[in-house]
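Trainee: My questions all concern the structure below.
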Amino acid sequence: MGEKHLTEDLSRYYTLLRDPARRKIIEILGTQEKIGFKELRETLGLGVGTVYYHLDMLSDFITQDKQRKYRLNDRGKVLYQVLKEGNVPASLGISEALSHRFAKWIFLSPVFAKTVNPLLLLPLALAIFLIGGFGAAFAGLDSALFFYFPYSARDFTSLIALYIFNWIGLFLFAEIITYLAYRRVGNDLQLLTCILLASFPLAIFPYIYPFTSEFFLAIFGLKMSVSTIALFILQIWTLLLLSAALCFGKGLRLDKAIVISLTAIYINMAVLFFTGHFA
């Protein structure tokens with residue numbers, strides 16, 4: 001019966017075991033019995049958010065004692081023994097499936113992984129941020145985080161300031177909600193870098209907008225303009241990237257990060273509804 005449950009666990013945690021950092025954590029805890037967060041992070045040589053992320057993903061296999069040191073639970077000890085003896089089933093080989101590689105690039109995981117040194121990608125993140133702000137101003141679009149509204153009466157400078165205000169506000173919201181919900185503190189610069197990188201899809205929308213005219217509406221008989229369809233696709237991609245940003249920036253598991261991302265867009269929509277933008 002135990003072997004059957006173990007096989008089910010291994011199959012369920014296929015993606016987890018493929019990651020060398022998570023296998024290393026299991027090995028460290030199996031060898032040292034218990035370890036503090038700081039020591040574990042130094043041993044792994046990874047950023048705070050990245051270590052939190054891996055620990056969260058391994059939450060079914062580890063626990064914390066009263067001194068807040070990490071140790072393997074019963075399931076984790078069995079898993080460590082299997083990894084130690086090299087009895088991992090062939091189905092858990094570390095070769096990547098096509099779907100996994102596709103998802104990795106949809107979430108831009110290789111890019112976010114480099115934010116462990118945030119200063120490395122901060123210039124790129126700021127460039128994306130400024131491109132989005134200037135794009136909204138040139139296109140004459142009122143930005144409202146996940147949404148844009150045409151025919152703005154604001155001047156050029158105000159449109160840029162509005163765009164900056166929206167994304168800085170999202171960063172502050174992420175900081176507050178991750179602390180209140182999960183007590184995650186620190187790693188602020190990495191989170192800021194990740195969120196600015198996640199703004200990429202919506203940053204390019206103002207440059208697409210002038211070329212998605214209502215002309216296509218008449219040709220294809222669409223119920224929505226091409227710009228509306230393009231914005232919807234980019235909103236979904238941004239939502240996924242924001243979730244990835246929270247994973248890497250605050251070390252949250254993807255399911256928790258998606259809940260926060262959805263909360264952000266729902267609040268965004270509620271504010272726009274009450275201010276009459278959706279009237």
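Trainee: When the chain is fully extended, how far beyond the present Cα-Cα distance does ARG154 get from ASP74, taking 0.36 nm per residue of separation?
Mentor: Between ARG154 and ASP74, full extension yields an extra 22.7 nm.
Trainee: Would you kindly state how much longer the chain becomes between LEU120 and LEU44 on full extension, computed as 0.36 nm times their sequence separation minus their alpha carbon distance, in nm to one decimal?
Mentor: 25.4 nm
Trainee: Reachable lysines from LYS34, Cα under 25 Å, same-chain residues fewer than 8 places away excluded?
Mentor: Cross-link targets: LYS24, LYS66, LYS69, LYS77, LYS84, LYS250.
Trainee: Apply the Karplus parameterisation 6.51 cos²θ - 1.76 cosθ + 1.60, with θ equal to phi minus 60°, to every residue of segment 106-116 and state each ³J(HN,Hα) to the nearest whole Hz, in sequence, with x for glycine and proline.
Mentor: Values, residue by residue: 4, 8, 6, 4, x, 6, 4, 4, 6, 6, 4 Hz.
Trainee: For segment 164-177, take each phi angle, set θ = phi - 60°, evaluate the Karplus expression 6.51 cos²θ - 1.76 cosθ + 1.60, and give the result in whole Hz per residue in order, putting x for glycine and proline.
Mentor: Couplings: 4, 4, 4, 6, 5, x, 5, 4, 5, 4, 4, 4, 5, 5 Hz.
Trainee: Over segment 103-274, what relative contact order in percent results from Cα pairs under 8 Å that are six or more residues apart?
Mentor: Relative contact order here is 27 percent.
Bear in mind that the values in this text are calculations on the coordinates, not laboratory data. Since we're looking at a predicted model, the values are computed, not measured.
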